[in-house]
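> Sharing a structure below in structure tokens format, with a few things to ask.
What follows draws every value from the coordinates through simple rules; no lab data is involved. Note that this is a predicted model, so its numbers are computed, not measured. FYI the Cβ positions are ideal-geometry reconstructions off the backbone, even for glycines, and counts take in every protein chain you see.
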Amino acid sequence: MSLLNQIEKKEKVKNSLFQKDFLLTWEKSDMELKIILELAILLKQFREQNISPKVFDSGLAVSIFRDKSTRTRFSFASAANLLGLAVQDMDEEKSQIAHGETVRETANMISFLTDIIGIRDDMFLGEGNKYMREVGDALNEGFKEGVLPTRPGIVNLQCDMDHPTQSMADLLHLQQYFGSLESLKGKKIVMSWAYSPSYGKPLSVPQGIIALMSRYGMDIKLAYPEGYELIPEIVNIARTNSEKSGGTFNISHSMTEAVKDADVVYPKSWAPFQIMQQRTELLKNGDANALLSLEKACLAQNAEHKDWEYDTQKMGLTKNGDALYMHCLPADISGVSCTEGEVSAEVFEKYRILTYKEASYKPYIIAAMMFANRFQSPGQVLRKIIEGNSSRIGDFSRLAGG
Amino acid sequence: MSLLNQIEKKEKVKNSLFQKDFLLTWEKSDMELKIILELAILLKQFREQNISPKVFDSGLAVSIFRDKSTRTRFSFASAANLLGLAVQDMDEEKSQIAHGETVRETANMISFLTDIIGIRDDMFLGEGNKYMREVGDALNEGFKEGVLPTRPGIVNLQCDMDHPTQSMADLLHLQQYFGSLESLKGKKIVMSWAYSPSYGKPLSVPQGIIALMSRYGMDIKLAYPEGYELIPEIVNIARTNSEKSGGTFNISHSMTEAVKDADVVYPKSWAPFQIMQQRTELLKNGDANALLSLEKACLAQNAEHKDWEYDTQKMGLTKNGDALYMHCLPADISGVSCTEGEVSAEVFEKYRILTYKEASYKPYIIAAMMFANRFQSPGQVLRKIIEGNSSRIGDFSRLAGG
Amino acid sequence: MSLLNQIEKKEKVKNSLFQKDFLLTWEKSDMELKIILELAILLKQFREQNISPKVFDSGLAVSIFRDKSTRTRFSFASAANLLGLAVQDMDEEKSQIAHGETVRETANMISFLTDIIGIRDDMFLGEGNKYMREVGDALNEGFKEGVLPTRPGIVNLQCDMDHPTQSMADLLHLQQYFGSLESLKGKKIVMSWAYSPSYGKPLSVPQGIIALMSRYGMDIKLAYPEGYELIPEIVNIARTNSEKSGGTFNISHSMTEAVKDADVVYPKSWAPFQIMQQRTELLKNGDANALLSLEKACLAQNAEHKDWEYDTQKMGLTKNGDALYMHCLPADISGVSCTEGEVSAEVFEKYRILTYKEASYKPYIIAAMMFANRFQSPGQVLRKIIEGNSSRIGDFSRLAGG
């Protein structure tokens, strides 16, 4: 496999992902991201060819979900199982912001025989990513002090800043759809706010998308009604990435202007950055009344922008009327999952199977992150697996279904 | 093993269970049911002889429980583990009736690396089995469209119509108790309503029992107080089965008449079919007050039939006063788990261990259903396992306990 | 490995742990406890050397938690996974006292393919350990009657009387800290009550500590304010053990007197034995008002003893001002996890990493208990594993991180 050669060539230099947490895509080099993509593709091919990459005989993959999840939970569980790790959930109350001794201690208590910890903590602006780093610091100390036999790797399953397993799965989808990373150059992608009847949706997806896609020379259009700003520092990262990669980065407050000649549209609701800040403060103080008022005000603000729905007419303005529609799912589909939402039923139905495919990369992206974290030379390990001829379904692969 | 020869002989024709969901026993041929029974017995023997039928190196078995469960949950987990699959639970709110896009999408999202999906959905008449088929259709589409690398098989863990893992375990129990399927011919089994102080018990067990046992030439007596009808279409299936198999099928509203000369009695409470229909409508409309009124009316109706309790006197009317008592557990035992219930403490105690044995077949029945779904030639695979000499407990079987 | 030789030497006599539940340390012989310690150390070394002791190809380890838990839950899951068992949780409502048919039946229903059952039931005085024995009796019957293919072993994960996985991990910590079990002779350990702003903490840790450490010739000082008695029968066991082992056993109601020249201090809050008895009665009767009154009275009683906090000044009274501080975690740390608590922030911080190490032994203690329960000759099995050269992380150990 030529992919394997490419990975091995890269890791001869050095697998700098080895024993490093995966917290934000913008902390990773282009080569590191490429290794993840290539590993993910290989692992997917393995599955399709009944080759088992089960490298762990035992060991735990701990998931900490501080917000509910179905998709990411199953992706994490699938990735862990694929490599041979058993999932152990550690569900904390989602309304709690834990820091200090509790975090330090818990991080060690759940890690005595653990290889990977996946964390979702996206509720509180300024807190989620910080929490992951606190866990990481505690694990560093625990390993250094001889408490832990190994230093478990952390995978960010969504925080307040980034959603790297989502954005990397999305990037892999774009790569597969357009043929290569190189072909993304000059393609126009619209990361757009869209109307939703719900409140407080995280910023991590739009932030993750603009910060990542801007590295591949794409023309990024960030579109939203005035007042729905993202975290300014992350917008700046995207802007800088675009300059470096030879792409463009622009903000628009007009949907029709934004989607013009787009190759890709990613319509997704989010709460304004400033609101999320206020909300975090109110949650910290446990101010239930003020939270209720804030929610009401936000929903009213949202309702002024019900025209931000992606329907056939607006999709018709894209390049050849045929831009690729993307979504992290579940989408708010007008007349299906809500009365008025992010996308019309007709548009969603046209791209429905493609959104499922987009989602199907996530387990392999997570498995690739786990793999690169635990092995210095993932390419060599995968080569050995191929040579070892280990099959997922018994010795009975030719009898097996699927 | 001669059992193995029998399975291989059948599958030489064709394993028509391969890649087919197991949703209703009456959709399966006699030969298909026989393969399940034989596989279950073999898998049970394997366990007792420390032979491991772990055919999956990795892979998920997803359970969707839309109603609470202990017994079936553990049986499903045991079966999955026996074959090498890791269980991932997906617990939805039990009060919700999901359809359409939510089902289609979720079915795919949980299936990227999944081999088997087990579903319990027994709360809503006309909905549970329909839901399983919607999941199945979504999986078909996902596999056809290249979203899924394999099409996971579905095992019905109880719906509104049937409870096939229960009825098949019960059939295996009868086969073992009386010596063979053939010896069931002419035996009289009473599927009887019995009093319970609770409300809204599903119809799937009595329906599953009469529809399955009627295929083996048994004399079926369905006994209940007037007004406690089952779904008419399923009663008709049982009636037709009886005609074909050379058995009989009769309904009685008198307990004492019904149990006369019975070989087997299966006393179990259920809610009248018409009530379940009303309840489903009220639940759909979220009409809490009407639901409460309905519950009160039903409990009052139940209370008129407290004499439908299986005690020593009534069991004395059976053949030689010694009919086999069966129950899917947990039973409502008078003076033990409730004041007045389905069965007297004395009768239950006499048959207690036998009801445990009856339950002990369920993990193997589920494993057999999984196995036959994933392998074209399950007999050949099992033969290879025996030849491969793989032991469940290390290489240490002769040291191991148990 | 000389440890291995020692274990094999012991088991040549007879592994009397084989197929016996581990419910109370005082039911086990000194040699049995020593085998557990040695197995735990070996299993820990295996992990550190990437040797996999995965002796089970499949099989379930069921956990029954009738009180919440993070630490012990993860320890149990880690131990099960290390040996190759899949964890299946069976969470009952914690407020329920189940006995009789429910226990008998459930014990069998969850055990058809189960090797180990771990139980935590520490809420009700006189109930938790009794419950475990009821489960054990039911399993005995199920195995004898042919319901179960094997008799699963039970590990007590904390009851009303003892917390053997904790006390054995603590003993292993002391052994490692002081160099050997023999060196514990004559060392002074203070098992001390300490102030906590919470109510109803179980007695099992202090009881487990005094009953176990008194077997190794230690000078035990049990310290608490008047009125905070432990279960008298267990205090008597500790007293008798001390006499036999050549140690001493004394009770003190003065903290400053107690800690004088101590080698080890274990400050931990608990509820008075008499209060726990009252509470159990009120819980049985479901008397919510009386429970509330009792809680208030207890918290007020606690508040009179806020001076029972282990701070730098009190630790300064210990031997060379340098006694080992121990805790089962989480501790109530003044100014950190509560305003006023069991231990000052300064003292806790000094020993923080040591408490993590103390906790790190628990997964291996549990694994050792599982192992000794399932194999007649655990030493021989471990020797075979070493000879078999099975590595935890693929064949890639030299590439693997950690």
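> Find which of A:Leu4, A:Pro149, B:Tyr228 sits farthest along the positive direction of the dipole of the protein assembly as shown, computed with +1 on the beta-carbon of Lys and Arg, -1 on that of Asp and Glu, about the Cα centre.
Positive-most Cα among the choices belongs to A:Leu4.
> Additional query: Between the range A:238-314 and the range A:316-364, how many Å separate their Cα centres?
Going from one Cα centre to the other spans 17 Å.
> Peptides B:237-248, B:372-383: what's the order by average Cβ count within 10 Å, highest mean first? List each step's numbers first, then the result.
Details: B:237-248: 18.1, B:372-383: 22.9.
Result, highest mean Cβ count within 10 Å first: B:372-383, B:237-248.
> Of the residues C:Gln19, C:Gln301, C:Gln158, which exhibits the maximal mean-square fluctuation in a Gaussian network model of chain C defined by a 10 Å Cα contact cut-off?
Taking springs between Cα atoms under 10 Å, the residue moving most is C:Gln301.
> Could I have the simple spin-label model distance between B:Thr70 and C:Ser252, label points 7 Å from Cα toward Cβ, reported in nm to one decimal?
Computed distance between label sites B:Thr70 and C:Ser252 equals 4.7 nm.
> Taking square-rooted eigenvalues a ≥ b ≥ c of the alpha carbon gyration tensor, is the protein assembly as shown rounded, prolate or oblate, where a/c under 1.5 means rounded and, failing that, a/b exceeding b/c means prolate? Kindly include the intermediate steps, with their values, before the conclusion.
On the way: a/c = 1.42, a/b = 1.00, b/c = 1.42.
Rounded shape, in that the Cα axes give a/c under 1.5.
> Could you work out [θ]222 nm for chain A from helices alone, using -39500 (n - 2.57) per DSSP H run of at least four and dividing by all its residues? Round to the nearest 500 deg cm²/dmol. It would help to have the intermediate numbers written out before the result.
Working: 15 runs with 187 residues, N = 402.
Result for chain A: -14500 deg cm²/dmol, rounded to the nearest 500.
> Okay, next question. Partner chain Cβ atoms within 10 Å, averaged over the residues of B:355-365 - can you pull that number for me? Numbers along the way, then the final one.
Values: counts 3, 14, 5, 1, 5, 10, 1, 2, 3, 2, 0.
Mean shielding by partner chains, rounded to a whole number: 4.
> With each label point set 7 Å from Cα along the Cα-Cβ vector, what nm distance links C:Ser16 and C:Gln49?
That separation, rounded to one decimal, is 3.0 nm.
> I want the antiparallel fraction of DSSP beta bridges within the protein assembly as shown, as a percent rounded to 5.
Numbers: 9 of 114 bridges.
Beta bridges within the protein assembly as shown, antiparallel portion: roughly 10 percent.
> Shifting gears a bit: Students often get this wrong, so check it: of A:Lys10/A:Lys187; B:Lys68/B:Lys201; A:Lys130/A:Lys296; C:Lys130/C:Lys362; C:Lys362/C:Lys384; B:Lys9/B:Lys34, which have C-alpha atoms separated by over 19 Å? Could you put the intermediate results ahead of the total?
Numbers: A:Lys10/A:Lys187 27 Å; B:Lys68/B:Lys201 12 Å; A:Lys130/A:Lys296 29 Å; C:Lys130/C:Lys362 24 Å; C:Lys362/C:Lys384 24 Å; B:Lys9/B:Lys34 12 Å.
Distance filter (> 19 Å) returns A:Lys10/A:Lys187; A:Lys130/A:Lys296; C:Lys130/C:Lys362; C:Lys362/C:Lys384.
> Then there's this: Packing-wise, with mean Cβ within 10 Å as the measure, how do C:207-213, B:24-30, C:168-174 rank, highest first?
Details: C:207-213: 27.9, B:24-30: 16.7, C:168-174: 24.7.
Top to bottom by mean Cβ count within 10 Å: C:207-213, C:168-174, B:24-30.
> Would you work out which of C:Leu283, C:Ser390, C:Asn81 lies farthest towards the positive end of the dipole of chain C, given +1 charges on the beta-carbon of Lys and Arg and -1 on that of Asp and Glu, about the Cα centre?
Comparing the listed Cα positions along the dipole, C:Ser390 ranks first.
> How big is the convex hull of the Cα atoms of the range B:166-360, per residue, in Å³? Write down the numbers at each step before the final one.
Numbers: hull volume 21.6 nm³, N = 195.
Measuring per residue, one finds 111 Å³ for the Cα hull of the range B:166-360.
> Looking only at the range C:196-213, which residues have a backbone nitrogen under 18 Å from a spot 7 Å from the Cα of C:Cys338 in the C-beta direction?
So the set is C:196-207.
> Name the residue, out of A:Asp121, A:Asp91, A:Asp332, whose mean-square fluctuation peaks in a Gaussian network model built on chain A with Cα pairs under 10 Å.
Its mean-square fluctuation being the largest, the pick is A:Asp91.
> Determine, for each peptide in A:339-345, C:294-300, the mean count of other beta carbons within 10 angstrom over its residues, then list the peptides with the highest first.
Numbers: A:339-345: 20.0, C:294-300: 14.3.
Output ranking for A:339-345, C:294-300: A:339-345, C:294-300.
> For peptide A:73-82, what's the mean number of Cβ atoms from other chains within 10 Å of each residue's Cβ? Don't skip to the end; give the middle numbers.
Details: counts 5, 11, 4, 1, 9, 11, 2, 2, 9, 6.
Mean partner-chain Cβ count within 10 Å for A:73-82: 6.
> Remind me, relative contact order of chain A in percent, using alpha carbon pairs under 8 angstrom and six or more residues apart? Don't jump to the answer; show the numbers that get you there.
On the way: 756 pairs, mean separation 85.8, N = 402.
Reported relative contact order: 21 percent.
> Also, quick follow-up: Rounded, prolate or oblate for chain A? Axes are the square roots of the Cα gyration tensor eigenvalues, ordered a ≥ b ≥ c, and the cut-off for rounded is a/c under 1.5.
Oblate, because a/c is 1.5 or more while a/b does not exceed b/c.
> Return the FRET efficiency for the residue pair C:Asp91, A:Asp307: r is the Cβ-Cβ distance, R0 is 45 Å, and the value is rounded to the nearest 0.05.
Values: r = 48 Å, r/R0 = 1.06.
Computed FRET efficiency for C:Asp91 and A:Asp307: 0.40.
> What is the magnitude of the charge dipole of the range B:30-124 about its Cα centre, with +1 placed on the Cβ of each Lys and Arg, -1 on the Cβ of each Asp and Glu, and no other charges, expressed in debye to the nearest 20?
On the way: 11 positive and 15 negative charges, 75 e Å.
The dipole magnitude comes to about 360 debye.
> Quote the charge dipole size of the range A:166-360 about the Cα centre in Debye, to the nearest 20; the model charges only the Cβ of Lys and Arg (+1) and of Asp and Glu (-1).
On the way: 19 positive and 24 negative charges, 96 e Å.
So the magnitude is around 460 debye.
> Now for a different question. Taking each residue of A:368-377 in turn, how many C-beta atoms of other protein chains fall within 10 Å of its C-beta, and what is the average? Walk me through the intermediate numbers first.
Values: counts 0, 0, 0, 0, 0, 1, 7, 6, 5, 2.
Counting Cβ atoms of other protein chains within 10 Å of each residue's Cβ and averaging gives 2.
> Could I ask something else about it? I'd like the FRET efficiency for B:Ile386 and C:Gln277, computed as 1/(1 + (r/R0)^6) with the beta carbon distance as r and R0 of 51 Å, rounded to 0.05. Show your work: numbers first, answer last.
Details: r = 57 Å, r/R0 = 1.12.
That gives a FRET efficiency of 0.35.
> Below 8 Å between Cα atoms, with a sequence gap of 6+, how large is the relative contact order for the range B:180-314 in percent?
Numbers: 228 pairs, mean separation 46.6, N = 135.
RCO, the range B:180-314: 35 percent.
> A follow-up question, please. Indicate, rounded to the nearest 5 percent, the antiparallel portion of the DSSP beta bridges found entirely in chain A. Walk me through the intermediate numbers first.
Details: 1 of 36 bridges.
Antiparallel: roughly 5 percent of the beta bridges in chain A.
> Would you work out which of B:Ala107, C:Pro202, B:Trp270 lies farthest towards the positive end of the dipole of the protein assembly as shown, given +1 charges on the beta-carbon of Lys and Arg and -1 on that of Asp and Glu, about the Cα centre?
With unit charges placed on the Cβ atoms, the residue in question is B:Ala107.
> Return, ordered by residue number, the residues of the range A:47-70 whose backbone nitrogen is under 20 Å from a label point located 7 Å along Cα→Cβ of A:Leu3.
Only A:47-56 fall inside the zone, counting backbone N under 20 Å.
> Below 8 Å, C-alpha to C-alpha, sequence gap of six or more: please give me the relative contact order for the range B:251-378 in percent.
Once normalised by length, the contact order is 27 percent.
> Something else now. Taking square-rooted eigenvalues a ≥ b ≥ c of the alpha carbon gyration tensor, is the range A:288-402 rounded, prolate or oblate, where a/c under 1.5 means rounded and, failing that, a/b exceeding b/c means prolate?
Since a/c reaches 1.5 and a/b is larger than b/c, the shape of the range A:288-402 is classed as prolate.
> Quick one: which of B:Lys284/B:Lys357; A:Lys350/B:Lys54; A:Lys54/B:Lys20 span more than 31 angstrom between C-alpha atoms? Don't jump to the answer; show the numbers that get you there.
Working: B:Lys284/B:Lys357 38 Å; A:Lys350/B:Lys54 41 Å; A:Lys54/B:Lys20 28 Å.
Too far apart for the 31 Å limit: B:Lys284/B:Lys357; A:Lys350/B:Lys54.
> Would you mind working out the magnitude of the charge dipole of the protein assembly as shown relative to its Cα centre, with +1 at each Lys and Arg C-beta and -1 at each Asp and Glu C-beta, to the nearest 20 Debye? Please report the intermediate quantities before stating the final value.
Working: 138 positive and 156 negative charges, 826 e Å.
Taking the Cα centre of the protein assembly as shown as origin, the dipole is about 3960 debye.
> Calculate the spin-label point distance for A:Thr102 paired with C:Glu233, positioning each point 7 Å from the Cα along the beta-carbon direction, and give it in nanometres.
About 3.8 nm, to one decimal.
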